[in-house]
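This is the structure I want to talk about, given as structure tokens.
The values are calculated or read from the model by the stated rules, or taken from the named source; none is laboratory data. Because the structure is predicted, anything quoted here is derived from the model rather than measured. Quick reminder, even Gly has a Cβ in these numbers, built from the backbone with ideal geometry, and neighbours come from all protein chains shown.
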Amino acid sequence: MHPQAQIDAGTNIEHYLELAKLAESARFDLVFLADSAAIRHGNLRALKRWPQYMAYFEPTTLLSAMAAVTDRIGLVATATTSYNEPYNIARRFASLDHISHGRAGWNVVTSSNESESRNFNRDEHYEHSDRYARAREFTEVVRGLWDSWDDDAFIRDRDSFTYFDPGKLHVLGHKGEYFSVRGPLNVARPPQGHPVTVQAGSSETGLEFAAEFAEVVFTPQTDLERARQFYRDLKGRMAKYGRHPDSLKVMPGLNTIVGDSARDAEEKHRFLQALIHPDVGRELLSPILGGIDLSACDVDKPIPDDLLPGDTNASKSGLADIVHKTKVEGMTIREIYLEHAGARGQRTVKGTASQIADDMELWFESEAVDGFLIQPPHLPAGLHEFIDGVIPILQERKLFRTEYEGRTLRENLGLPFSASRYAGRPPEEADRRI
């Protein structure tokens, strides 16, 4: 572990609150919290060295605390459609949107951690295609529940003893292949209409899901030309769902290592890489390969062909990336895990603040991205280095805001208010029973 890292970060509320306030002071779009409904299972010899994914806060609870100490920054949390129910998720994120006055976002995942199934009455994880079919219906139900009330349904008039207008209440009455949900939601319509929908899958099925539903896509992209192809492909799919390309923002992860010079950044990077124990590196790759045990493998050789699975029920894009690195690029296990561990599967950019800004500008101007999910190599110092060094350069080049555009996450991302499916319809009969 880096000597400047917060060793108890997963359960240190003060650490998280300070990060949120720091990011808001720099005018970041949002704070993003990943999540899993299980600890990481595997080789305990490796896991004892690895605090990530072992003990940490439930993210919507944590973001509610962050909402109380911030005013403008977006608050995005991961929640799986495989091991939740639509009503719970709709209620949780609608509540967060109200608590934060319109700054909530839901990162829709289908779960790549197969251990989650055994915490929810299942011996095996859902199949990949089933997960996405379930996710599609799940998302439709959640959005329907967010439309349970018209925006002006709650009158709260003392003189007429009227709390809400019954004609502006809508019962979902959903019955589908995976879910039966009557509704309505017992939370008023969210301030943004719908919290922002975020997604991270890059498989063929994931791309179709993103084209239909996502408003922000987090994606691992390490090569500029492949990133440009991904960008064009994803945005080109949206028209068949009646969506404009500008209604989706593509934001790859970016691991930034800022140095006083290029040599200083390289030295910082070498030090960080040296902290990754081979046991941890092997274990990091294991779940992406379907749980294969790599503990007996020489880390300075490629993954043996007989250990590379042909398919996976976890992350298909993650597996494809490792297979490409092994078979096409000839990378060793050590090279792969160093690249993956340091950037969490994302791209690492190291250099001076100006060099990093140059790289970000190139990707933006090349229409490969709409923005980046900044992943400092360690916190809080890595975030300070990016804020103090890179952001002023981006602002000087008119590539990053100096003030927030609005109060809601949608306003700051340039996304429209999400109108209700009932907008424009006459009020329903007020004397009906529900």
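Of the conditions (1) at pLDDT below 95; (2) within 22 Å of Ala227 (Cβ to Cβ), Leu394 fails just one. Which one is it?
(1)
Would the stretch 21-39 turn up any residue that is modelled with pLDDT under 75 and either among the β-branched types (Val, Ile, Thr) or buried (at least 18 other Cβ atoms within 10 Å of the Cβ) (or both)?
yes
Okay, residues lined up against (1) surrounded by 21 or more Cβ atoms within 10 Å (Cβ to Cβ); (2) within 18 Å of Arg91 (Cβ to Cβ); (3) free of Cβ contacts under 8 Å to residues at least 40 places away in the same chain; (4) among the polar types (S, T, N, Q):
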| residue | (1), (2), (3), (4) |
| --- | --- |
| Leu145 | yes, yes, no, no |
| Tyr163 | no, no, yes, no |
| Asn186 | no, yes, no, yes |
| Ala200 | yes, no, no, no |
| Ala214 | yes, no, no, no |
| Phe218 | yes, no, no, no |
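Restricting attention to the stretch 353-365, which residues are in contact with an Asp or Glu (Cβ under 9 Å, 6 or more places away or on another chain) and under 15 Å from Leu224 (Cβ atoms)?
Scanning the stretch 353-365 gives a single hit, Phe364.
If only one of Ile288, Ile276 is at pLDDT below 95, among the hydrophobic types (A, V, I, L, M, F, W, C), under 28 Å from Glu137 (Cβ atoms) and touching a helix residue (DSSP H, G or I) at 6+ places or on another chain (Cβ under 9 Å), which one is it?
Sole residue among the options that is at pLDDT below 95, among the hydrophobic types (A, V, I, L, M, F, W, C), under 28 Å from Glu137 (Cβ atoms) and touching a helix residue (DSSP H, G or I) at 6+ places or on another chain (Cβ under 9 Å): Ile288.
Here's another thing I want to ask about it. Can you name the number of the only condition in (1) over 14 Å from Asn186 (Cα atoms); (2) loosely packed, with under 15 Cβ neighbours inside 10 Å; (3) modelled with pLDDT of 95 or more that Asn121 fails?
The failed condition is (3).
Which of the residues that make up the stretch 94-130 are under 15 Å from the mean Cα position of the chain (by Cα) and either part of a helix (DSSP H, G or I) or within 23 Å of Gly176 (Cα to Cα) (or both)?
Within the stretch 94-130, Trp106, Asn107, Val108, Val109, Thr110, Ser111 meet the criteria.
Looking at (1) of a type in the set (Ser, Thr, Tyr); (2) over 27 Å from Glu411 (Cβ atoms); (3) within 20 Å of the chain's Cα centre (by Cα), which one does Tyr231 not meet, given that it meets all the others?
If we test Tyr231 against (1) of a type in the set (Ser, Thr, Tyr); (2) over 27 Å from Glu411 (Cβ atoms); (3) within 20 Å of the chain's Cα centre (by Cα), just (2) comes out false.
So Asp311 clears everything in (1) within 30 Å of Asp29 (Cα to Cα); (2) within 26 Å of the chain's Cα centre (by Cα) except one condition, right? Which one?
That leaves (1) as the condition not met.
Now a separate question. Just wondering, is there one or more residues in the stretch 381-394 that are in the same structural domain as Asp151 (by TED's automatic domain parsing) and in contact with an Asp or Glu (Cβ under 7 Å, 6 or more places away or on another chain)?
No: the stretch 381-394 contains no residue that is in the same structural domain as Asp151 (by TED's automatic domain parsing) and in contact with an Asp or Glu (Cβ under 7 Å, 6 or more places away or on another chain).
Just a yes or no: is a residue in the stretch 166-174 at pLDDT below 95, touching a Leu at 6+ places or on another chain (Cβ under 9 Å) and either surrounded by 22 or more Cβ atoms within 10 Å (Cβ to Cβ) or not in a helix (DSSP H, G or I) (or both)?
No, there is no match, as no residue in the stretch 166-174 is at pLDDT below 95, touching a Leu at 6+ places or on another chain (Cβ under 9 Å) and either surrounded by 22 or more Cβ atoms within 10 Å (Cβ to Cβ) or not in a helix (DSSP H, G or I) (or both).
A further question on this structure: Which residues, counting only those in the stretch 40-67, are of a type in the set (A, V, I, L, M), buried (at least 19 other Cβ atoms within 10 Å of the Cβ) and either over 19 Å from Val108 (Cβ atoms) or modelled with pLDDT under 60 (or both)?
Answer for the stretch 40-67, where residues must be of a type in the set (A, V, I, L, M), buried (at least 19 other Cβ atoms within 10 Å of the Cβ) and either over 19 Å from Val108 (Cβ atoms) or modelled with pLDDT under 60 (or both): Ala46, Met66, Ala67.
Identify the residue in the stretch 231-270 that is without any contact (Cβ under 8 Å) to a residue 24 or more places away in the chain and assigned to a loop (DSSP other than H, G, I, E, B) and, among all such residues, is nearest to Gln221 (Cα to Cα).
So, considering only residues that are without any contact (Cβ under 8 Å) to a residue 24 or more places away in the chain and assigned to a loop (DSSP other than H, G, I, E, B), the one nearest to Gln221 (Cα to Cα) is His244.
Is there any pair linking a residue in the stretch 75-89 that is within 14 Å of Phe120 (Cα to Cα) and among the aromatic types (Phe, Trp, Tyr) to one that is in a helix (DSSP H, G or I) and modelled with pLDDT under 95, with Cβ under 8 Å and at least six apart or on different chains, and which?
Tyr83/Glu116; Tyr83/Ser117; Tyr83/Asn119
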